[in-house]
Every structure is written in structure tokens, then in C-alpha cells.
Amino acid sequence: MNIIELTPSIFIYQDDNYYLVNSCCVILNSELIFIDTGLNDAVAKKFVNKMKNRTDMKDIKLVLTHAHGDHISGMKPFERCQIIVSKYFRASLNENMKRYGWGEKRKKYYNSLNLDILAEQKTIGDEDNQIIFKQMGGHSLESIYGYFPKDKVLFAGDNLLSKMPQYFPFDNTNLDDWISGLQEWEKMDIDWVVVGHGDVVKKDHITRVREFFEELVLFLERSASEKLSVEQVLSHENCPTYFEEDPENWTNMGIEIYYNRMIE
């Protein structure tokens, strides 16, 4: 298992089996805070054990940035600990159960866990060594992010990706909330951003994504006012293109679904 040491307090496990999905561990004074579980129980357990052995700490908490399967499928090591989620987590999880056919057994399992509901904001740790989690929305309604002031590190969840385009083909994606969140991040004192998928990035990546989304929203609003079809939108010379490679056409998929919602 390759664990990346970003700072003396922050460690990242990046699973290259599925779009470089990231799980994180933040070392506080007396406990370990894990952010997202990754893809399966065995890998999550290995990461937890390595961090416990490294720090000789036993107390852990888990924060789930959102309810998509690639970020919550390694729950076994966290069954008995406090699990912090958005106030929208359960509703979004239930929708995902239907969308992906996860079934009632899995729904019952997640609902049996010790979920601590974050209303708008939650701070964990001591004053000199704390991490702050906040409701954002954007990528999905229940998306939250974390900020560790001590090391000036932001944990973005899937509201920021690198080495790939942003992913927004969901019914509860809200680009206005996403842009507002990115604008808020730009005002913060940030050195590093741990993204949901891909390598850690610098703060300038936030600005590039925000500019893309702002351009896209303006274009889609103009297209809707002109009553353009989806086909006309996607083939239009002014349709924004993302600044990183997009071999699977995620951007076009997101545009098509989001635009259809606008013109319904």
C-alpha cells in the first residue's frame, strides 16, 4: 500500500483501481480523522491499521464527503466509530441505492451505522490543531468539504478532481452552489488541495475550475434563452471545453444532463 505523506499530519491513500480515488487521514492531538473510505473494506482496514500503528493512536472518526459508492464502500473498519455526514446524506444515499441497484440490505446496513449529522459546520480537535467540515453541495447535494488550518490544506471531496474533468451528471448537482463554494475556497488560506480523485493540487486549480463553470453556466443560460436543442449546444462553437483531457466525454455528458434539466 502506497501512502502519501503530504504533511507530518496528513496522509493519503490513492487507489489507482478506480480513477485515483483518495482516502485521507489527519492526525490530531489525540485521535485520527479519516476522510472517505475508498473502494472496499480490506483496503480501508489496511490503511486504518497502518495509521494506528504509525501514530500509536486508537481513537478514530470518519467523515464521508458524499454518498457515492467509491467513497463509502470501505465501511467495516469504522462501524463502531463516529461517522460524520451531511444532513442530506441519508436522502442522497437512498437515491443512490435506487440509481445503482444497491438493494435494501445495503441500505439497512448504512442506516444502522452511527451517523453524526453535520447541519452546516462542524469542528473537530483542539484549538491549535483542528479540522473544520462544512456543507457545500455542488457535485451532489450532500457534498461537504474539510479544511485543516494548521497545514493550510483543503479536502475537497468530488467538488474538485485533477488529471480528469469535473464530474457533474447527477440529478442533484447544482452548479450555482458549486461555483459559490469554489469562490469561498479562493478566499481561504490554502497551500494544498486534496481532491476526490487524482493528485493533490495547488490553489490555482480552484480558480481554473471556477472559471470553466462560470463560462459554462453563462453559455447554457444563453442557449436556453435561444431555445437551442441539446445537439446544437454540444456542437456549438462557443460551448466551453474543459482544460484537461476528457477521453470518456464526461463534460459532454454533464452538459447534456444539466441542460436538459434547465429547459424542462
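Of all the residues in segment 1-14, those that are part of a strand (DSSP E or B) and either surrounded by 15 or more Cβ atoms within 10 Å (Cβ to Cβ) or in contact (Cβ under 8 Å) with a residue 24 or more places away in the chain (or both) number 9.
Of all residues in segment 95-144, those satisfying the criterion of being in contact (Cβ under 8 Å) with a residue 24 or more places away in the chain and hydrophobic (A, V, I, L, M, F, W, C) are 102, 113, 115, 117, 118, 119, 124, 131, 133, 136, 141, 144.
Checking each residue in segment 186-209 for being surrounded by fewer than 19 Cβ atoms within 10 Å (Cβ to Cβ), of a type outside the set (A, V, I, L, M, F, W, C) and more than 18 Å from residue 38 (Cα to Cα) picks out 186, 187, 189, 191, 202, 203, 204, 207, 208. All of 104, 95 fail the test of being farther than 24 Å from residue 33 by Cα, under 18 Å from the mean Cα position of the chain (by Cα) and of a type in the set (Asp, Glu), apart from 95. Applying the criterion of at least 3 residues that are without any contact (Cβ under 8 Å) to a residue 60 or more places away in the chain and closer than 28 Å to residue 133 by Cβ to the helices (runs of 4 or more DSSP H) found wholly in segment 145-264 leaves 175-186, 204-225. Considering only segment 68-127, state which residues are assigned to a helix (DSSP H, G or I), charged (D, E, K, R) and in contact with a strand residue (DSSP E or B) (Cβ under 9 Å, 6 or more places away or on another chain). Of everything in segment 68-127, those that are assigned to a helix (DSSP H, G or I), charged (D, E, K, R) and in contact with a strand residue (DSSP E or B) (Cβ under 9 Å, 6 or more places away or on another chain) turn out to be 70, 90. For residue 85, the conditions (1) crowded, with 20+ Cβ neighbours inside 10 Å; (2) closer than 24 Å to residue 257 by Cα; (3) under 14 Å from the mean Cα position of the chain (by Cα) all hold with the exception of (2). Go through the residues of segment 15-34 one by one and say whether even a single one is free of Cβ contacts under 8 Å to residues at least 60 places away in the same chain and touching a Pro at 6+ places or on another chain (Cβ under 9 Å). Yes; the residues of segment 15-34 include at least one that is free of Cβ contacts under 8 Å to residues at least 60 places away in the same chain and touching a Pro at 6+ places or on another chain (Cβ under 9 Å).
Only one of the numbered conditions (1) more than 25 Å from residue 163 (Cα to Cα); (2) within 22 Å of the chain's Cα centre (by Cα) is violated by residue 258, and that is (1).
Please specify each residue of segment 22-60 satisfying the condition of being in a loop (DSSP other than H, G, I, E, B), polar (S, T, N, Q) and closer than 17 Å to residue 126 by Cβ. 29, 30 - these are the residues of segment 22-60 that are in a loop (DSSP other than H, G, I, E, B), polar (S, T, N, Q) and closer than 17 Å to residue 126 by Cβ.
Say we look at segment 106-157 and pick out the residues that are of a type in the set (A, V, I, L, M) and within 26 Å of residue 205 (Cα to Cα); which of these is surrounded by the fewest Cβ atoms within 10 Å (Cβ to Cβ)? I'd like the intermediate steps shown before the answer.
Here is the first cut: in segment 106-157, the ones of a type in the set (A, V, I, L, M) are 113, 115, 117-119, 124, 131-132, 136, 141, 144, 153-154, 156.
Cutting the leftovers down to within 26 Å of residue 205 (Cα to Cα) gives us 131-132, 136, 141, 144, 153-154, 156.
Details: 131: 24, 132: 14, 136: 27, 141: 23, 144: 27, 153: 22, 154: 23, 156: 29.
Going through the qualifying residues, I end up with 132.
Every number in this text was worked out from the coordinates using simple rules, so none of it is lab data. Only a predicted model underlies this, so the values are computations on that prediction, with no experimental measurement involved. Cβ atoms come from the backbone with ideal geometry, glycine included; neighbour counts cover every protein chain shown.
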